[in-house]
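The structure under discussion appears below in the form of structure tokens.
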Amino acid sequence: MPESFTPRQALQRARHDPQPLDANDWRGVIGAFTNGAFTDAQMAAWLMARVLHGISVDEAVALTDAMLHSGTQLTHKDSAAPVVDKHSTGGVADTTTLIVAPLVASVGLVMAKLSGGSLGHTGGTLDKLAAIPGFRTALNADTFLAQTRQIGVAIAAATRELVPADRLLYALRDHIELVDDTALIAASIMSKKLATGATHLVLDVKLGQASILGDDSKTRALAQLCVAIGKAHGRHVTAVLSDMNQPLGPAIGNALEVRAAIDVLAGRTFGRLGELSLKLAAELLHQTGVPFDTAYQQVSDALHSGAAIDRFAQLVAAQGGDATVVADPTAVLGLGEPVAVWAPSQAGTVTAIDTRRLGVLARELAGADMNLRAGLTTNLTLGMASDTVVVALYTDNPAQVAHATAVLDAAVEIADGPVQEPPLIQTVIR
Ligand code: URA
């Protein structure tokens with residue numbers, strides 16, 4: 001903390017001085033907040049004042065840096081290969097991490113992934129992995145780093161030592177309605193990503209109905225800011241802006257999404273989930289100097305040769321999971337038959353999908369005890385004929401079927417006429 005820092009002076013300045021603050025100011029305040037010298041009330045007032053003045057790009061970089069230094073950071077000094085990471089701003093039926101992580105490891109990169117649980121309507125990688133019997137995500141830093149050296153991939157829960165300022169700030173933002181501020185989101189995401197020590201990062205930033213901000217121009221600004229923050233910290237960062245107006249893959253729900261990922265890795269299915277996974281993996285390889293088309297071909301070959309699924313099996317085994325899940329996901333994940341199947345009652349075309357609501361429905365089907373095998377499978381895409389839609393429901397609470405039927409009736413709009421399917425990837429910011 002700078003010697004001159006006092007909470008009262010900081011608050012006076014935050015309120016009255018519209019000029020951007022410098023890195024020392026941000027570090028002083030974040031440091032004081034993290035060690036308790038700045039109270040929640042003071043931090044709330046300070047943050048709100050700065051947001052109202054507008055947080056510049058340089059300030060977002062400084063805030064991220066201050067948050068990053070609030071805790072420990074991982075380093076991959078001994079890594080012989082580039083260390084990479086991927087982040088999604090939150091999708092529905094989006095299980096790309098389980099495909100991209102072993103895939104990039106199988107082409108020689110090191111994927112060091114620290115993940116979180118579900119947030120709002122979107123699934124979380126840790127919850128999905130918990131559906132694999134025995135799979136451990138609580139790894140200490142030494143075990144995590146050793147595994148990345150041995151097999152080139154590890155996926156674990158972020159520890160409390162990493163960016164403690166983010167946990168405190170997030171809780172505060174939630175109280176004062178500042179969760180949806182672009183600069184604060186960017187600093188929150190990027191401080192955690194930078195702390196994992198990866199030098200190459202791809203961000204899958206979702207656009208459309210089920211996106212984090214629900215507004216495409218704000219989402220683009222978020223993507224640009226995240227890339228700027230990463231570059232200012234000397235990292236390779238690419239943001240891929242992908243569509244979230246419809247479910248990405250064929251399953252929503254933890255075990256169901258693990259099976260969907262294995263089906264892509266095994267070459268049984270591909271679709272939009274497979275395509276986005278290849279593009280994200282190719283972006284990471286491209287960042288290391290391989291021309292994009294060559295990179296895409298390389299990851300596609302690794303998927304189709306079985307190299308990626310072999311690496312997935314190694315990942316599962318290394319973290320204590322039952323690697324036979326690869327051969328028989330349905331049995332090992334304990335997936336039974338669906339309790340019901342829904343189809344639209346009206347004839348026509350699927351013209352809109354409340355994808356966000358489908359994400360919430362999958363969680364409702366899981367119930368209070370978070371049944372990891374609950375959720376839904378679906379072939380829903382925009383523009384398809386309504387008589388080809390099938391949604392299968394998985395829950396151990398049959399009383400939920402009537403509720404799910406009402407939700408689906410409202411969430412899937414059927415109307416006349418063609419509808420243009422949005423492109424899977426709208427923009428890439430490098
Ligand atoms: N995800 C994060 O990590 N932080 C935010 O503020 C929002 C989404």
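None of the figures in this text is laboratory data; all of them are computed from the coordinates on show. Everything numeric here is computed off the predicted structure, so don't read it as measured data. As a convention, Cβ positions derive from the backbone with ideal geometry for all residues, glycine included, and neighbour counts pool all protein chains shown.
Observations, loosely collected:
- Candidate set from the range 318-347 (those that are free of Cβ contacts under 8 Å to residues at least 60 places away in the same chain and charged (D, E, K, R)); member that is farthest from Leu139 (Cα to Cα): Glu337
- The test for being in contact (Cβ under 8 Å) with a residue 40 or more places away in the chain and either crowded, with 16+ Cβ neighbours inside 10 Å or among the acidic types (Asp, Glu) (or both) holds for Val350.
- Checked against (1) within 12 Å of the ligand (Cβ to nearest atom); (2) buried (at least 24 other Cβ atoms within 10 Å of the Cβ); (3) within 15 Å of Val202 (Cα to Cα), Leu103 meets all criteria but (1).
- Residue match in the range 183-194 (condition: surrounded by fewer than 23 Cβ atoms within 10 Å (Cβ to Cβ), within 13 Å of the ligand (Cβ to nearest atom) and more than 13 Å from Thr64 (Cα to Cα)): no
- Test: residue in the range 145-168 that is without any contact (Cβ under 8 Å) to a residue 12 or more places away in the chain, within 14 Å of the ligand (Cβ to nearest atom), over 18 Å from Val316 (Cβ atoms) and surrounded by fewer than 22 Cβ atoms within 10 Å (Cβ to Cβ): yes
- For the range 67-83, the condition holds for no residue, the condition being that it is away from the ligand (no atom under 15 Å from the Cβ), under 27 Å from Lys206 (Cβ atoms) and assigned to a helix (DSSP H, G or I).
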